[in-house]
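Dumping the structure here so I can ask a few things about it.
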Amino acid sequence: MENFLDMLLRLLLAAALGAGIGYQRERANKPAGLRTHALICLGSALFAVVSIFGFGDNADPSRVAAAVVTGIGFIGAGVIVRGLREEHHVVGLTTAASVWVAAAIGLACGVGLYLIAFIVAVITVLVLLIPKMRG
């Protein structure tokens, strides 16, 4: 039961932190909003939890983390390519970066690094609130 509560805390925190980042993106009218960021963060946390608790002592959670980093790159690339098709110039880099950070925050929650996950989520929202500078 103790492991279950620990896993549940990790997953709930990941979803909440991802939702916080996604809320900011949604308020800025960006394509990846609250649900997208919450699900990416939650999914990354679940992959980490499964790799730690699901495969016994012989598991290597770092392999799962590496796979998440690679996989999330495809989602970020999709955001950028979509922007290129619709706008005919590079758009979506910040959204792709926020999705990438959300995955990292989810992994941090999944392995139990709660404080660092929270701090990075706060820093991420603060960075996203900085107005875009026009050249």
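Mind checking which helices (runs of 4 or more DSSP H) fall wholly inside the range 1-115 and carry at least 1 residues that are within 30 Å of Pro131 (Cβ to Cβ) and in contact with a Cys (Cβ under 9 Å, 6 or more places away or on another chain)?
2-27, 34-53, 93-110
Suppose we filter the range 113-133 for residues that are of a type outside the set (A, V, I, L, M) and at pLDDT below 95; how many remain?
Residues meeting the conditions: 2.
Shifting gears a bit: Does Ala38 count as within 15 Å of the chain's Cα centre (by Cα) and of a type in the set (Gly, Ala, Ser)?
yes
The values are calculated or read from the model by the stated rules, or taken from the named source; none is laboratory data. Source: prediction; values computed, not measured. Positions of Cβ are backbone-derived with ideal geometry, glycine not excepted, and every protein chain shown enters the neighbour counts.
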